[in-house]
1. Per residue, how much accessible area does region 360-481 show when a 1.4 Å probe rolls over the protein heavy atoms, in square angstrom?
2. What's the Kirkwood radius of region 1-126 in Å, using all Cα pairs?
3. How much area per residue is accessible in region 180-241 when the probe is 1.4 Å and only protein heavy atoms are counted (Å²)?
4. Which loop trypsin sites (Lys or Arg not before Pro) in region 229-322, with loop taken from DSSP, have no more than 11 other Cβ atoms within 10 angstrom of their Cβ?
5. Can you pull the accessible area of residue 467 for me, 1.4 Å probe, Å² to the nearest 10?
6. Provide the packing ranking of 177-185, 392-400, i.e. peptides ordered by the mean count of other C-beta atoms within 10 Å per residue, highest first.
7. What accessible surface, in Å², does a 1.4 Å probe find on residue 103, ignoring ligands, DNA and RNA and rounding to the nearest 10?
8. Using the Kyte-Doolittle scale, find the helices of the chain whose mean hydropathy is at least 1.0 and whose Cα atoms extend 27 Å or more along the helix's long axis, counting only whole DSSP H runs.
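The values are calculated or read from the model by the stated rules, or taken from the named source; none is laboratory data. The model shown is predicted, which means the values in this text are computed figures rather than measured ones. FYI the Cβ positions are ideal-geometry reconstructions off the backbone, even for glycines, and counts take in every protein chain you see. Side chains are part of the model used for accessible areas, which takes the heavy atoms of the whole protein and leaves out ligands, DNA and RNA. Shrake-Rupley method; radii C 1.70, N 1.55, O 1.52, S 1.80 Å.
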Amino acid sequence: MNYTFSQIANIIPHSKKIIHQENNIHSVYIDTRQISNGENALFVAITSAKNDGHKYIHHAYQKGVRHFIVQYLNDDILINDANYLVVDDSIRALQELALYHRKQFNIPVIGITGSNGKTIVKEWLYFLLKDDYNICRSPKSFNSQIGVPLSILNLDPSHTLGIFEAGISLPREMNVLEKIIQPDIAILTHFGSAHSEGFSDDNHKLKEKLKLFQNSKINIIQRYQHSFLQQQSFPLSFICISENPKDKVVAHHSTQNNLSIIDINIEKKKYQIQIPFVNEASIKNAITCFVSIYYLNSNLIDKIIPKFSQLPAVSLRMEIKKGKFQSTIISDYYNSDIDSFEISMSYLKQYSPNKNKILILSDFEEIKDAEKIYKKAVQIINHSDLSHIVFIGNEWKNYLHLIQPHYSYYSTTYEFIDNYFHYSSQIYDSAILLKGARKFEFEKIAHLLEQKTHDTILEINIPALWHNLNYFKNLIGKNIKIMCMLKAAGYGSGSVEMAYALQKFGIDYIAVAYADEGVELKQAGIQLPIMVMLPEKNAFDEIIQNGLEPEIYSFDILHHFIEALDKQGIQQYPIHIKLDTGMHRLGFLSDEIDMLINVVKKHSAVFVKSIFSHFAASENDEHNDYTLHQIKLLQQLSEKIEKNIGYTTIKHICNSAAVKRFPQAHFDMIRLGIGMYGISDNTEEQKQLQNVLSLKTIVAQIKYLKKGDSIGYNRNALLEKDSKIAVIPIGYADGFSRKLGNQQFQVKYKNNLINTIGNVCMDMTMIDITGIEDIQVGSEIIIFDNVQDIKRMAASMNTIPYEVLTSISQRVKRVYVYE
Ligand SMILES: *Cc1c(COP(=O)(O)O)cnc(C)c1O
């Protein structure tokens, strides 16, 4: 884009402008961490439930930004030589700008909505059409009220086709997106019941999604066997894809080995495509792509058909793993284009502020406009504070003279791998971003860099975590804070990476059990305040040095802590007072409060940041009276303390289960633990939450054994018939309890539940896969991937989900997934 700031002021209705000296605007940002060169950028300050963009105006200014869209101005925001546009609603303003921008282009545009498959269809259309069009498409899955405008603003005069996703979670959102995208071809991919909070039922949701079709000429619907869609009658002009001869496009398929052969009948013509996938969703999405291209430009069809057999696996996952030499590996080698490069670079920056940053980058996939794309990448690289870069590929050779940071160059991935040992010292404690086009096979580099642990992994789904945090955020008032409990390495999920994800979401406080956990977080660059629940006396100096805030639960701890502060002459150090209102674990009892007040008043070394207590049974109806009594007691005691010490503090008592059940107990902050991971005792609440943790392993060996053979230690299982047995590399040392052996628990392979057989060993378990044909060595076995499984596992272990999660041992590799 290329607008002057005054032009933008005229485009956005009802805006007030303050203009000093203006530049042309080429790009728009809503997150300052993504800004590489601010000079020609516009920063839009967006206020959301999660965060307030106005807080980052100065940060943007430091990065060279002089043009801002804001919702208000005050002394904190106003900077002398910056230009401002003050609007009522900055998201609306961004949408107005995108709407205007879209009208400047008269090229075909494809709009894609649906519950699943939007991004796959978009990426496949891109793959199939990129040799014939210069395509502008949504980066990753930018499909929201903010993502769509940002995507549209990327349109420039060199583009000959646009492909954009539209996702909605609330009624009326599609009206806005439809106007901005103005699709000529509109597509509904798979329609499912996911994310339906905002809609009264499926009918309502479908009606809203189809608003994307209001003005488009070609409307394509994946109908298939979907019973709900089969019953719908769509206008005759709609192109429904199914196996029903009455529909416009009729497709059948057969599969062989890893291939599907698909016959497509369209307007009495017959075509056949082959794709390298066999799952239903891929088949449907491939047909949808075919139909879209047929209607976009039927002349291209013969040329495009062969390309279907090379469709890439689209994974939008960015994975973060522990690497060798204490490094962190961020791998994102599924797409390689300039937009996703920019996004991955911003992850690199924000996830490792205190580490050396290394980038390993291949040539881009794009072939059109190469010079422009490489120059943009050079700019991003030169502004990124990288300690080293490895370029791989012939194209990069042409641009190396423009690169400022240290770099090395290899023409192929293999050449780099042969020389990789030169880098071991640089890799130590660094963060490494792997970003490469598919043909460069960066998974080989990842394999080399990753710490070799066994094949059992705990996957942590960060978007689901954010979803759950949002759920709780919506239950509490705007000014109420959130503290997240990261004790026991984040309920087993790993604390540093979790803390980054929480910080990114915008919570207010972290709590850990022990000082060294807090130190680890501080040293990793976490800026949130951290409460330590069990401050040990021999860790006081560490606590103070690292600015950690202790929970004070007894006079003994209080006196010793004050002593430690006095020794260093420190004043007003934040502490958190724990009251025992009924849990009868740690904390001051009612009759100790007078004395507590005396001590705190006498010693200005400490400052009471918060006063809190913990519920004993907030999830249980039977104990509601008890819980209400605890609330009242915290209220009374904290009031008394505040009155006597003469200042107010943050008061808090709710754990996850209490947030929905006791709105009167939110006070100033809630403390979330198990709820973040999507686990609730309340059936209604459980439906609103998403599962965060999945424990997975693979088949290590398969054996065909005879009736009468015994399995494992102590010959505990004797086969009653000839059986097929698999060994999985997970045992009680990994947290897979011995209680789960001998048919007491079922793991999963695809849709099959599979019994354990024999005793669980320290590192391994045997499972009975008799009758399951397609299972092989290396097949993925799921221990749990939903909350139901976790609860089922807890029941088999005769415990609660908390113990299931915290028992997963540190040798199980943690993989953080960002979608
Ligand atoms: C663990 C803990 C929590 C969180 O409890 P959940 O039930 O997991 O939400 C809250 N407060 C304190 C003091 C805790 O120790």
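1. Working: 5670 Å² over 122 residues.
For region 360-481, the per-residue accessible area is 46 Å².
2. Numbers: mean 1/r = 0.0637 Å⁻¹.
With all distinct Cα pairs of region 1-126 included, I get 15.7 Å.
3. 45
4. On the way: sites: 246, 248, 268, 269, 270, 284, 303, 307, 317, 321, 322; in loops: 246, 248, 268, 317.
Within region 229-322, the qualifying trypsin sites (Lys or Arg not before Pro) (loop, at most 11 other Cβ atoms within 10 Å) are 246, 268.
5. Answer for residue 467: close to 40 Å² accessible.
6. For the peptides 177-185, 392-400, the packing ranking is 177-185, 392-400.
7. Roughly 140 Å² of residue 103 is accessible to a 1.4 Å probe.
8. Membrane-span-like by this criterion, though nothing is claimed about a membrane: none.
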